[in-house]
């Protein structure tokens with residue numbers, strides 16, 4: 001079975017470093033940065049390519065600054081159906 005892949009975009013300048021997204025990520029894809037944003041907070045970053053696009057991080061974010069993208073499932077190619085051919 002093919003693994004579903006995801007990716008997150010985090011508005012790092014708006015992150016207040018609450019760490020909820022890191023805690024809730026079942027794939028351990030997120031971690032807190034070692035640097036600070038302009039507001040003086042550490043911010044979450046996607047650090048490992050293990051994201052499945054489950055949206056847990058976005059759902060718990062109190063600032064609503066995380067957008068999750070999930071890669072579409074790959075459809076197995078089939079041959080085209082000709083006129084008069086039954087399915």
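Suppose we keep only residues that are out of contact with any strand residue (DSSP E or B) (no Cβ under 8 Å at 6 or more places or on another chain) and assigned to a loop (DSSP other than H, G, I, E, B) within the stretch 56-70. Which one would you say is surrounded by the most Cβ atoms within 10 Å (Cβ to Cβ)? Only one residue tops the list, namely 61. In the stretch 35-44, the condition of being out of contact with any strand residue (DSSP E or B) (no Cβ under 7 Å at 6 or more places or on another chain), free of Cβ contacts under 8 Å to residues at least 12 places away in the same chain and not in a loop (DSSP other than H, G, I, E, B) is met by at least one residue.
State yes or no: is residue 37 closer than 14 Å to residue 70 by Cβ and touching a helix residue (DSSP H, G or I) at 6+ places or on another chain (Cβ under 7 Å)? Judged against the criteria, residue 37 is not a match.
Test residue 53 against the stated conditions and say whether it is in contact (Cβ under 8 Å) with a residue 40 or more places away in the chain and not in a strand (DSSP E or B). So residue 53 fits the description; yes. Selection over the stretch 9-28 of residues that are within 16 Å of residue 49 (Cβ to Cβ) and out of contact with any strand residue (DSSP E or B) (no Cβ under 6 Å at 6 or more places or on another chain) gives a count of 4. Take the conditions (1) more than 11 Å from the chain's Cα centre (by Cα); (2) surrounded by 17 or more Cβ atoms within 10 Å (Cβ to Cβ); (3) closer than 20 Å to residue 69 by Cα; residue 52 misses just one of them, which is (1).
Restricting attention to the stretch 1-33, the residues that are crowded, with 18+ Cβ neighbours inside 10 Å, within 10 Å of the chain's Cα centre (by Cα) and not in a strand (DSSP E or B) add up to 2.
Quick note: the coordinates plus some simple rules give every number you see, no bench work behind them. All of these numbers come straight from a predicted model, not from anything done at the bench. In this analysis, Cβ positions are derived from the backbone assuming ideal geometry, glycine residues included, and neighbour counts consider all displayed protein chains.
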